[in-house]
Amino acid sequence: MHPSLHVSVAVDLARVRVNVEHVAGTCGVPVIAVVKADAYGLGADRVAPAIADLVEGFYVFSLAEAASAGLWERTGKPVISLSPADSDDAGDYLAAHVRPAVWCADRAALLRRARPVLSVETGMQRFACPPEQINAALMAGEIDEAFTHAVTAAQVRRLVELVGDRKLKLHAAGTALLDLPEARLDAVRPGLAMYQGAVTVLTPLVEVRMGKGPAGYTGFDVVRHGVILAGYSNGLRPGPCLINGRRQRVLEVGMQSAFVEVSFQDRVGDDVVLLGGSITESEVAAAWETTPQQVLVTLTAMGSRRYLD
Ligand SMILES: *Cc1c(COP(=O)(O)O)cnc(C)c1O
């Protein structure tokens, strides 16, 4: 996907802070902030320092993400990384102040000096240690912390069954399980919950016309429509939008432009809000038949990013 020159992405870091405060307050345990994929497109180098005092540490996918966001330099907080394809040298992790997730005894031993964290298999069936190898991995890596990538309460219970009696620090809950007290364990690990409502994506109307019968590729027929300069090559799909405070729809998406329904008061130059205000990540996700996470990374990449202060 290419960004559109005509789309602007505004990130409200104060809202991210409020979200993190809310998670910490309701869960009552430390927060490990998931800032992988450049903080879901909000910019990990800006998000991490903005919330560093509220969180215990950070979680990324790769060592490279931790380095490029300067997580240690900017926050002084520990980082966990997941990718199995980064480095076989504990020194690389130590230099970046990153603790690698491991799921077998060999790698736990190899990376022991970097204080690895055990990823436990509870159903995701990737990047995780099967039950019969847990003992060996814990010993080989002298491990004091374990987690699982859980999406159900049963998976959290499985983690506790498998390693709950080992005096390990345990965490499991991402956004989907934050409301479940028994999933909170010793820390929570949210991504989406920190970012929801913090991004506004908008683009101006460049044409506005009265409809004259079926229009566009699909023959949509509305009283009045406008055109914006973002299309499927920029990741856009049909869905809700907001124009001058009124709810409208992105009707049809072309390669680099899209048709939107407009009202009589809407003019060329008026902003079409694709995300933000009453348009939530979840609402767009339902229209796009995908996840709110995918909506965030798609829409934050659609234009040039700026930060509100
Ligand atoms: C991405 C990720 C999370 C955060 O997921 P959200 O649903 O966005 O909160 C938590 N844990 C792991 C292991 C992840 O990879």
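Where a number appears in this text, it was derived from the coordinates with a stated rule and is not lab data. Note that the structure is a prediction, hence the values are computed from the model and not measured. Every residue, glycine among them, receives a Cβ derived from its backbone with ideal geometry; neighbour counts consider all protein chains shown.
If you check D266, D221, D271 for being free of Cβ contacts under 8 Å to residues at least 12 places away in the same chain and of a type outside the set (A, V, I, L, M), only one passes: D221. Looking across V201, V208, one residue alone is outside any helix (DSSP H, G or I), over 33 Å from the mean Cα position of the chain (by Cα) and among the hydrophobic types (A, V, I, L, M, F, W, C). It is V208. For the stretch 265-276, check the following and say yes or no: at least one residue is surrounded by 19 or more Cβ atoms within 10 Å (Cβ to Cβ), under 25 Å from P49 (Cα atoms) and out of contact with any Asp or Glu (no Cβ under 8 Å at 6 or more places or on another chain). Yes, the conditions are met somewhere in the stretch 265-276. In summary, no strands (runs of 3 or more DSSP E) completely within the stretch 105-185 bear 1 or more residues that are exposed (fewer than 15 other Cβ atoms within 10 Å of the Cβ), of a type in the set (S, T, Y) and on the phi < 0 side of the Ramachandran plot.
Among the residues of the stretch 261-303, those identified as in a loop (DSSP other than H, G, I, E, B), more than 16 Å from the ligand (Cβ to nearest atom) and either within 22 Å of D38 (Cα to Cα) or touching a Cys at 6+ places or on another chain (Cβ under 8 Å) (or both) are A301, M302, G303. Being basic (K, R) and farther than 30 Å from G25 by Cβ is a property that holds for R209. Once the stretch 37-68 is narrowed to residues that are within 19 Å of A146 (Cα to Cα) and within 14 Å of the chain's Cα centre (by Cα), the residue that is farthest from the ligand (Cβ to nearest atom) is F58.
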